[in-house]
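Notes to accompany the following structure.
Every number in this text was worked out from the coordinates using simple rules, so none of it is lab data. These numbers come from a predicted model, not from an experiment. Methodologically, a virtual Cβ is constructed for each residue, glycine included, from the backbone with ideal geometry; neighbour enumeration extends over all protein chains shown.
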Amino acid sequence: MLRIFRLHRLKLLTMIAHLSGKLLEKNATHVIVDVAGVGYEVNIPLSTFYELGEEGDDVVLRIYTHVREDAIQLFGFNTSRERDLYLKVISVQGIGPKLGITVLSGIGVDELVKAVKGNDLARLTSIPGIGRKTAERLVIDLRDKVGELVVEGEKKAASAGAASADETFDDALSALINLGYQRNVAEKALSTAKSDVSDATVQKLLRRALQLLAK
């Protein structure tokens, strides 16, 4: 009976495609969404982090549920377009759910579409965890699949809550390290980014630092 209950519960969880609730906790790599008193931990790319509100705000996420024998993981996105591109990315051999999040964190949706369609291997291999062979597979496998993802104008980054300069820098540094960048490389990029942007927030620092790291 217990086994039947577990299988039924697993079946229900695999159907999660949408979460709507309160943003209980917000980090650059994951959030916790309170849905009717239940907190769901959801992994997110930086492209989604940029657009989220503050803790306590209402949040709506499109969800991909990844089921393994030992874990059930939720991956969330601000738009259906992000989720659709993510599903295409993880369909490529050698790219799992977590690396797929790293890809969307290391390059914007519009820029990824351009890189794939333009065979820009240099840009793709600048993403942590993506070597030349994987970049080539991305281009070959997705070039004919991203046509419907028409490039849109870049969205404005959501404004972040007030934080001290040190906290902002540390939060951005932690996010880059979690994405696979070496500490010294991340610190150098963030230091330059800090001098390039005004009213620095975590979102602004990360966006500028990733532009510098992509060069």
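Structure data summary
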| read-out | value |
| --- | --- |
| Ascending count of other beta-carbon atoms within 10 Å, so fewest first, for Val60, Val139 | Val60, Val139 |
| 16 Å tail of the calculated P(r), segment 165-213, as % of Cα pairs | 20 percent |
| Radius of gyration, Dmax [segment 12-77; alpha carbons; angstrom] | 11.2, 34 |
| Within-10-Å neighbourhood charge of Ala17 [Cβ basis; K, R +1; D, E -1] | +2 |
| Mean Cβ neighbour count within 10 Å, used as a protection proxy, ranking 69-80, 101-112, 199-210 highest first | 101-112, 199-210, 69-80 |
| Per-selection Rg to Rh, segment 80-142 - Cα, Kirkwood hydrodynamic radius | 0.89 |
